Amino acid sequence: VKARFQEEMQSICGTEELEKIRVAYLGKKGLITDLMKNLKDLNADAKREAGQQINQLKQQVSEFIAAKSSELEAALAQARLQQDTRYDISLPAKPVTGTLHPITIVQRELEDIFRSMGFAVEDFKEVVTEYDNFEAVNIPKYHPARDMQDTYYLDNGQVLKTHTSAAQNTILRKYGAPCRAIFPGRCFRNEAIDASHENTFFQMEGIMVGEDISISNLIYFMKTMLSEVFQKDITVRLRPGFFPFVEPGFELDIQCHVCGGTGCPTCKQGGWIELCPCGMIHPNVLTMAGIDSEKYTGFAFGLGLTRLAMMKFGIRDIRVFNSGNLKSLEQFTIQ
Ligand code: PHE
């Protein structure tokens with residue numbers, strides 16, 4: 001029986017065939033079962049001996065069939081895999097290496113904070129029209145404020161966005177009033193580069209428009225957001241500042257997050273750090289975006305994301321951000 005079994009097993013190539021063989025040997029009317037039945041004709045000694053042998057055979061046959069069965073299944077799975085042209089999602093993935101850029105870390109953190117306060121997060125182009133960058137935010141042609149911005153002009157008459165305010169018009173039109181939105185983005189200005197100046201940097205603009213929006217709302221949102229970022233209560237103050245697209249306009253300072261205002265190298269002993277230009281959106285800007293400036297008011301701020309990342313991580317040289325130097329960039333992780 002054993003020899004016959006081994007011979008038959010040689011030619012097996014499918015699970016159905018295997019099942020037939022299993023029944024033929026181990027089934028109720030199978031060969032091995034038959035052998036067992038025949039035991040009763042033997043005397044006690046022969047019975048014991050033959051019984052042992054049959055049991056051994058039975059076990060070997062079972063093991064053989066089980067092994068063959070998993071072999072066949074594996075071959076089947078392999079064949080299925082080769083037919084499948086999509087990804088095999090069961091394969092273990094390579095471990096993820098790399099880290100987020102420090103600006104991305106700060107940007108995402110701010111996005112989360114503002115989203116939780118009901119602000120929409122918007123993206124905008126880097127190449128923009130002169131209209132969006134200037135006219136739409138109340139900087140007419142030949143206005144001296146254009147010189148302040150060291151603009152890169154392109155051959156096609158467009159410009160590299162010099163500030164995220166270039167998206168104000170588009171976003172105000174998209175949402176109408178009331179609205180709350182932030183729009184982070186990369187900005188460009190033709191500046192000489194040194195440890196504290198870059199020609200390519202990130203800002204995050206925020207706007208809130210509604211029927212009774214006032215400077216107190218602006219202060220509240222800035223204070224809440226900055227306290228989250230620095231994980232402590234932050235004191236702010238406003239000084240007058242000029243930007244054609246806000247009236248009144250301010251420079252928002254924070255009390256130094258390192259020394260708490262007593263004076264240290266971070267705040268150059270002054271106790272305050274200039275952080276964020278802001279103000280009440282100029283009625284002309286609302287009107288140009290199709291919003292009734294008699295009915296609605298709003299605030300806008302232009303937070304320097306690059307600056308904020310430097311402060312948060314204690315980065316002293318702005319050139320690190322665009323250097324592509326992994327040794328520097330890999331050090332920053334989400335806290
Ligand atoms: N767009 C201004 C700048 O980059 C900053 C700003 C934004 C000021 C919003 C006021 C309100 O210089």
Practice problem: Just the number, please: percent antiparallel of the DSSP beta bridges in the chain, rounded to the nearest 5. | Solution: 95
Self-check item: Which listed pairs, of Lys161/Lys312; Lys141/Lys174; Lys223/Lys268; Lys94/Lys125, have C-alpha distances above 28 Å, in listed order
Solution: Lys94/Lys125
Self-check item: MRE, 222 nm, helices only [DSSP H, n ≥ 4, -39500 (n - 2.57), over the chain, to nearest 500]
Solution: -12500 deg cm²/dmol
Self-check item: Point-charge dipole on Cβ atoms (K/R +1, D/E -1) for the chain, about Cα centre, debye to 20
Solution: 1240
Self-check item: Residues whose placed amide H lies under 5 Å from that of Thr200, excluding near-sequence neighbours
Solution: Arg189
Quiz prompt | Distance between modelled label sites at Thr104 and Lys141, nm, 7 Å Cα→Cβ extension | solution = 4.2
Quiz item: Taking a probe of 1.4 angstrom, what is the accessible area of His282 in Å², to the nearest 10?
Solution: 40
Quiz item: With the chain treated as a Gaussian network of Cα nodes joined by springs under 10 Å, which of Tyr175, Tyr153, Tyr25 yields the largest mean-square fluctuation?
Solution: Tyr25
Self-check item: Charge dipole (region 94-238, unit charges on Cβ, about Cα centre) - positive-most of Pro95, Asn169, Ser196
Solution: Pro95
Quiz item: What is the set of long-range amide H partners of Gly261 at a cut-off below 5 Å, with H atoms built 1.01 Å from backbone N?
Solution: Cys256
Quiz item: If you find the alpha carbon centre of region 91-157 and of region 275-335, how far apart are they in angstrom?
Solution: 8
Quiz item: Each residue of region 157-170 in order: what ³J(HN,Hα) in whole Hz does its phi give by Karplus 6.51 cos²θ - 1.76 cosθ + 1.60, θ = phi - 60°, with x for Gly and Pro?
Solution: x, 8, 10, 7, 3, 8, 7, 5, 4, 4, 8, 3, 4, 4
Practice problem: Could you list, by residue number, the cysteines of the chain that have no other cysteine's beta carbon within less than 4.7 Å of their beta carbon? | Solution: Cys13, Cys179, Cys187, Cys276, Cys278
Quiz item: Simple spin-label model, 7 Å along Cα-to-Cβ: Arg86 to Glu126 in nm?
Solution: 3.5
Quiz item: What nm value, rounded to one decimal, do you get for the distance between Asn190 and Gln10 when each label is placed 7 Å out toward the C-beta?
Solution: 8.7
Quiz prompt | Low-density loop cleavage sites - chymotrypsin sites (Phe, Trp or Tyr not before Pro) in region 194-289, where at most 15 other Cβ are within 10 Å (DSSP) | solution = Phe242
Quiz prompt | J(HN,Hα) series, region 198-207, from Karplus relation 6.51 cos²θ - 1.76 cosθ + 1.60, nearest Hz, glycine and proline x | solution = 9, 8, 9, 8, 10, 10, 9, 8, x, 9
Practice problem: Find me the longest stretch of the chain that has none of the exposed GluC sites (Glu not before Pro), where exposed means in a DSSP loop (not H, G, I, E or B) with at most 16 other Cβ atoms within 10 Å. | Solution: 1-125
Quiz item: Amide H neighbours of Ile234 under 5 Å, counting only residues 5+ apart in sequence or on other chains, H built in-plane at 1.01 Å?
Solution: Ser227
Quiz item: So how far, in whole Å, is the C-alpha centre of region 167-227 from the one of region 1-72?
Solution: 80
Self-check item: In Hz, Karplus ³J(HN,Hα) per residue of region 257-270 (6.51, -1.76, 1.60; θ = phi - 60°; x = Gly, Pro)
Solution: 6, 8, 9, x, x, 7, x, 7, x, 4, 9, 6, 6, x
Quiz item: Based on the Cβ-Cβ distance from Lys94 to Glu211, what FRET efficiency comes out when R0 is 56 Å, to the nearest 0.05?
Solution: 0.55
Quiz item: Using the heavy atoms of the protein chains alone and a 1.4 angstrom probe, what is the accessible area of the chain per residue in square angstrom?
Solution: 58
Quiz prompt | Options Ala300, Gln53, Tyr153, ranked by Cα towards positive dipole end of the chain, top entry (Cβ charges) | solution = Gln53
Quiz item: Where the accessible area of the chain is counted over protein heavy atoms with a 1.4 Å probe, how much of it, in %, is carbon and sulfur?
Solution: 52
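The values are calculated or read from the model by the stated rules, or taken from the named source; none is laboratory data. The structure presented is a predicted model; accordingly, all values stated were derived computationally and were not measured. Because the Cβ atoms are built from the backbone with ideal geometry, glycine has one as well, and the counts that use them run over all protein chains shown. These area figures cover heavy atoms from the full protein model, side chains too; ligands, DNA and RNA do not enter into them. Shrake-Rupley method; radii C 1.70, N 1.55, O 1.52, S 1.80 Å.
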